[in-house]
Amino acid sequence: MKLRNIRLDNVRRFVAPVEIRDIGDGLNILSAPNEHGKSTMLDALHAVFFKNRKAWDSETRSLVPHAGGDPAIAVEAEFDDGTYRIRKTWNPRRRGEAEVLKSGQLVAQADAAEWWIAERLKSPKDGGPAGLLWVRQGFAGLDEGGADNARRNLMTSVAGEVEAMTGGRRMNDAMERCDRELGRFLTPTGRPKQDSPVRQADAEIERLEKRQAELREVTARLSEGLRRRRQLRRERDELVDPAGRQEREARLAEAEAAHEQARRHAEGLERVRQSLDNKRIETERADEKVAELAGRLDEAKAAESAREAAVRHEAAAATARAGAERQLKGADAIVAESEEQEAKSMKALRTAQEFALARSAGKLRKDLVDRLDRAAALAERIAALSAETRAEIRADVLEDLELRHANLEVLRRTRDAEAPTVTMTYLPGRSGGVALDGDPLPEGVARSIPEGAVLAIEGVGELAVDPGRRAGGEELAEAAREFARALASAGVDGIDAAWDSGRRRLGGESRIRDARTELEIVASDGIDALREELAALPAPEERDEEGPSVEEAEEAHRIARERLSARRRELEATRESFRLTEAAAIEAAGTLAAADARLERARAPLADIDDPEAERRRMATRATRLRTELDAAEARYREEKAGTPDMDGVETTLERARSIVEAANGRIRETEIELAGLDASIGLQAGKAVHEELADVKARLEAECRRRDGLRFEVDVLVKLRDALQSARAKARDRYVAPVLEELVPLLRNFWPEAGIELNAETALPEKLVRPGAEEDFDVLSGGTREQIALLVRLAFARLLMKSGYGAPIILDDAIVFTDDDRIELMFDALTRQARDIQVIVLTCRQKAFRDLGANNLSIRATGG
């Protein structure tokens with residue numbers, strides 16, 4: 001909803017009609033002195049939206065001007081489906097009017113208009129946003145029981161709004177009634193009361209169950225005695241029967257004969273088994289010897305092959321070393337020749353210079369002047385290059401950094417190789433539903449996560465993967481710290497920068513050497529010597545010109561010097577190649593020595609065997625023969641064993657036959673004694689009415705259990721209802737706390753960078769302001785800081801409510817009182833930011849302070865009627 005026009009007629013000081021027109025979408029400001037009617041405008045808005053036309057309480061009576069009359073208020077408001085004009089009047093007869101129009105057409109009136117308004121903008125008591133977003137000077141709204149002489153704290157309305165959103169007074173009434181009902185059964189800590197109906201029912205049930213158990217035990221004993229007497233009589237008759245006695249004795253004699261026959265057969269089978277075990281051991285030993293000899297022969301062949309390969313490798317390495325040595329000698333000779341040519345060119349240059357001096361003193365004087373200028377320029381260049389080169393990294397420092405970097409890379413790659421991985425396999429049609437570090441996780445690709453990861457699962461949430469503490473992690477971290485300290489000490493921010501600095505130092509040193517060489521050519525004895533030579537020059541003389549000119553000699557010397565430098569670089573490369581081939585030859589010699597040692601070890605166990613292959617074949621033939629004999633022995637044993645009687649069964653049969661005879665005789669005596677005791681016991685118990693009392697106790701117990709179960713069901717329902725009410729309130733609060741923080745933190749950071757805030761999960765009120773190194777309770781903050789945070793919370797709620805479809809304009813009536821000049825500018829920024837999406841109306845008497853708000857200016861103007 002957005003307000004467009006407000007009209008007041010006969011409201012407090014506005015006896016004649018007045019209007020506020022052209023209220024814009026974003027930030028609007030009504031700046032006027034005190035007693036100009038700003039708060040009256042806000043009271044009027046509360047009345048037209050939240051006071052019934054028939055109401056005539058203290059709030060509506062406060063709208064009546066001193067001269068009397070019926071207050072009338074009209075508001076034009078823009079909703080999603082168009083712009084409507086809402087008009088209400090009130091009078092002492094409680095016959096006020098209400099109507100809603102759109103484009104001049106009547107939409108609703110009377111009670112229908114009231115219902116239409118309530119649907120569009122709920123009252124703060126019912127969770128509407130006005131109690132939170134319309135901040136008045138003095139109190140929050142007409143519907144909250146005004147306080148004429150008290151200024152409410154801004155956060156009070158925040159708490160009321162959250163409470164309204166989570167059920168408000170209706171929720172409290174339901175929870176109180178539920179607690180009262182539970183109080184009949186449970187203590188405040190949730191324990192059953194001693195005198196509760198459930199406890200009384202439990203005690204009666206326990207007494208009846210105990211008596212029922214006693215009666216059942218008596219009837220069970222009587223029934224069991226009768227059944228047992230019948231059983232004993234049948235058993236006694238069967239045991240004393242002569243035919244049965246004769247059958248038992250014959251069965252015993254048959255079992256004794258079978259047992260003797262089985263014993264003799266078992267002794268013969270044991271002798272066959274022992275022979276089979278001996279044959280099996282002999283065969284296994286023969287197989288082991290064949291396998292051992294075959295392994296030694298295979299190792300000897302592998303050692304011979306390895307030695308042949310090592311011989312070839314050693315020969316190739318020696319050949320390469322000899323070739324590299326020849327190249328090194330040739331390179332040495334070429335360098336020596338180039339040095340000789342460079343010395344000759346230097347000598348020719350000096351001769352040309354001396355000839356030039358002798359030829360013309362004037363020309364020599366000019367040449368000396370030129371050389372002095374050139375030498376001075378070279379000296380300056382050498383000094384500048386030296387300063388630049390000293391600032392670059394030294395070779396020993398670069399070498400240390402390279403070693404540390406290589407060690408760090410090895411540790412990091414080892415860590416990555418041992419790190420856990422995550423591989424995603426999607427269901428058909430679900431590709432791309434999981435993201436790692438903001439990028440969709442491809443299917444079937446293993447991604448290493450050495451430091452863990454957070455997987456965003458679309459439609460589900462986030463899955464945190466913690467690899468735990470892995471071996472080598474501390475060593476890697478220590479290596480990284482040492483490498484960082486070495487970089488900082490060297491004055492570079494990375495290994496690439498170190499390499500660049502090293503290359504620049506090498507280049508600078510090379511340029512310094514070239515400049516010094518050139519300076520030595522220009523002034524071999526120094527600049528001072530040139531000056532002395534210039535001062536000592538004789539008068540010019542004419543001489544014949546002979547030999548090359550100085551320029552030609554210098555060019556020849558430069559060419560000779562460059563050729564010498566190139567030959568020296570080639571010599572260094574050749575020397576490095578020789579060192580590598582020499583190392584390879586040493587390594588190849590070591591490999592050959594190791595192969596010789598292996599071959600010697602492999603041949604040692606075969607030294608005492610004349611023909612190892614023939615011995616292996618002979619042993620294999622013997623092992624085959626032994627396996628054949630073993631198979632025949634096993635077949636004979638299985639044949640003998642197949643006809644072996646079951647000794648355990650025979651012994652069991654014999655023991656059973658004996659026990660049957662003995663048990664029958666003993667049992668006859670026992671039954672006679674037990675029958676006598678049962679006859680006496682049955683006669684004693686049969687005279688009592690046990691079954692009738694048991695039926696009566698059972699009926700009473702079932703009735704009491706039904707009553708107890710009903711009471712317990714009632715308690716369970718009440719507990720579940722209480723838990724459901726508490727859960728609903730907690731979930732409603734949670735739905736607002738997290739989104740409010742999301743909207744609040746960007747606003748808060750404009751005032752206190754890097755600051756955070758903690759909200760109470762129960763009230764959504766600020767509890768602490770968290771700044772780097774400190775946590776401050778909201779109550780101990782200054783009045784200005786509390787005021788700023790309170791207003792920012794309201795702005796955050798405004799955007800949250802707008803997103804959830806309960807949007808309403810923000811109206812602030814002199815809400816910024818304690819804020820200083822610097823922070824009021826930041827508050828203006830926050831208001832401007834929220835006004836991009838939400839209509840904001842600021843009512844203030846601080847005309848100068850709010851001049852730079854940069855808002856659409858509003859005014860209260862008289863209207864013609």
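Scanning the range 50-61 for any residue that is part of a helix (DSSP H, G or I), of a type outside the set (S, T, N, Q) and either under 19 Å from Ile810 (Cα atoms) or at pLDDT below 85 (or both) turns up at least one such residue.
Residues are listed down the side, and each one gets a yes or a no for (1) assigned to a helix (DSSP H, G or I); (2) farther than 30 Å from Glu576 by Cβ; (3) of a type outside the set (Val, Ile, Thr); (4) open to solvent by less than 70 Å² (accessible area, probe 1.4 Å):
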position	(1), (2), (3), (4)
Arg271	yes, yes, yes, no
Leu276	yes, yes, yes, yes
Glu292	yes, yes, yes, no
Ala300	yes, yes, yes, yes
Ala310	yes, no, yes, yes
Glu314	yes, no, yes, yes
Ala317	yes, no, yes, yes
Ala320	yes, no, yes, yes
Glu325	yes, no, yes, yes
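Going by the structure shown, is Thr644 open to solvent by less than 60 Å² (accessible area, probe 1.4 Å), in contact with a Leu (Cβ under 6 Å, 6 or more places away or on another chain) and either at pLDDT 80 or above or not in a helix (DSSP H, G or I) (or both)? When the stated conditions are applied, Thr644 passes them. For the range 448-468, a residue qualifies if it is on the phi > 0 side of the Ramachandran plot, assigned to a loop (DSSP other than H, G, I, E, B) and either exposed (fewer than 11 other Cβ atoms within 10 Å of the Cβ) or in contact with a Leu (Cβ under 9 Å, 6 or more places away or on another chain) (or both), and the qualifying residues are Gly459, Gly468. Of everything in the range 181-199 that is of a type in the set (A, V, I, L, M, F, W, C) and assigned to a helix (DSSP H, G or I), the residue that is least open to solvent (accessible area, probe 1.4 Å) is Leu182. The single condition among (1) open to solvent by 50 Å² or more (accessible area, probe 1.4 Å); (2) assigned to a strand (DSSP E or B); (3) not aromatic (Phe, Trp, Tyr) that Leu8 does not meet is (1). Across the range 600-623, a minimum of one residue is classified as within 30 Å of Lys301 (Cβ to Cβ), among the charged types (D, E, K, R) and under 60 Å from the mean Cα position of the chain (by Cα). Filtered by the rule that a residue be basic (Lys, Arg) and surrounded by 14 or more Cβ atoms within 10 Å (Cβ to Cβ), the range 503-527 gives Arg504, Arg505, Arg511, Arg516. Pairing residues of the range 626-654 that are free of Cβ contacts under 8 Å to residues at least 24 places away in the same chain with residues that are outside any helix (DSSP H, G or I), at Cβ distances under 9 Å and at least 6 apart in sequence or on separate chains, gives Thr652/Asp646. The single condition from (1) surrounded by 15 or more Cβ atoms within 10 Å (Cβ to Cβ); (2) over 30 Å from Arg177 (Cβ atoms); (3) at pLDDT 70 or above that Ala695 fails is (1).
Taking the numbered list (1) open to solvent by 20 Å² or more (accessible area, probe 1.4 Å); (2) modelled with pLDDT under 80 in turn, Thr863 passes all entries but (2). A single member of Leu401, Leu368, Leu411 is part of a helix (DSSP H, G or I) and closer than 30 Å to Glu533 by Cα, and it is Leu368.
If you check Arg485 against the conditions, is it in a helix (DSSP H, G or I), open to solvent by 30 Å² or more (accessible area, probe 1.4 Å), without any contact (Cβ under 8 Å) to a residue 40 or more places away in the chain and of a type in the set (Lys, Arg)? Yes: the conditions hold for Arg485. Here Leu215 fits the description: modelled with pLDDT under 80 and buried (at least 16 other Cβ atoms within 10 Å of the Cβ).
Of all residues in the range 381-404, those satisfying the criterion of being within 17 Å of Ala484 (Cβ to Cβ) and either out of contact with any Phe, Trp or Tyr (no Cβ under 6 Å at 6 or more places or on another chain) or among the hydrophobic types (A, V, I, L, M, F, W, C) (or both) are Ile393, Val397, Leu398, Asp400, Leu401, Glu402, Leu403. For first residues located in the range 663-683 and more than 25 Å from Ala220 (Cα to Cα), partners that are β-branched (Val, Ile, Thr) and lie 6+ apart or on another chain with Cβ distances below 8 Å form the pairs Ile668/Val240.
Filtered by the rule that a residue be more than 57 Å from the chain's Cα centre (by Cα) and open to solvent by less than 30 Å² (accessible area, probe 1.4 Å), the range 89-120 gives Thr89, Trp90, Asn91, Gly96, Ala98. Between Asp493, Asp500, the distinction of being among the acidic types (Asp, Glu), at pLDDT 85 or above and either open to solvent by less than 60 Å² (accessible area, probe 1.4 Å) or over 32 Å from the mean Cα position of the chain (by Cα) (or both) belongs to Asp500 only. Taking Gly773 as the residue in question, decide whether it is open to solvent by 80 Å² or more (accessible area, probe 1.4 Å), within 43 Å of the chain's Cα centre (by Cα) and at pLDDT below 75. Judged against the criteria, Gly773 is a match.
Candidates in the range 415-447 are the residues that are assigned to a loop (DSSP other than H, G, I, E, B) and open to solvent by 90 Å² or more (accessible area, probe 1.4 Å); of these, the one that is nearest to Glu462 (Cα to Cα) is Asp437. Does Ala607 qualify as being in contact with an Asp or Glu (Cβ under 6 Å, 6 or more places away or on another chain) and either without any contact (Cβ under 8 Å) to a residue 60 or more places away in the chain or among the small types (Gly, Ala, Ser) (or both)? For Ala607, the condition - in contact with an Asp or Glu (Cβ under 6 Å, 6 or more places away or on another chain) and either without any contact (Cβ under 8 Å) to a residue 60 or more places away in the chain or among the small types (Gly, Ala, Ser) (or both) - is not met. Scoring Asp396 on the criteria (1) at pLDDT 80 or above; (2) not in a helix (DSSP H, G or I) leaves a single failure, condition (2). With respect to (1) open to solvent by less than 60 Å² (accessible area, probe 1.4 Å); (2) of a type in the set (Val, Ile, Thr); (3) at pLDDT 75 or above, the lone exception for Thr832 is condition (1). All told, Ala67 falls short of being among the aliphatic types (A, V, I, L, M) and outside any loop (DSSP other than H, G, I, E, B). Among the residues making up the range 26-71, a single one is within 56 Å of the chain's Cα centre (by Cα), open to solvent by less than 20 Å² (accessible area, probe 1.4 Å) and of a type in the set (Ser, Thr, Tyr): Thr40.
The values are calculated or read from the model by the stated rules, or taken from the named source; none is laboratory data. In this text, all values refer to a predicted model and were calculated from it rather than measured experimentally. So basically every Cβ, Gly included, is an ideal-geometry build from the backbone, and we count neighbours across all protein chains shown. For accessibility, only protein heavy atoms count, side chains too; no ligands or nucleic acids. Shrake-Rupley method; radii C 1.70, N 1.55, O 1.52, S 1.80 Å.
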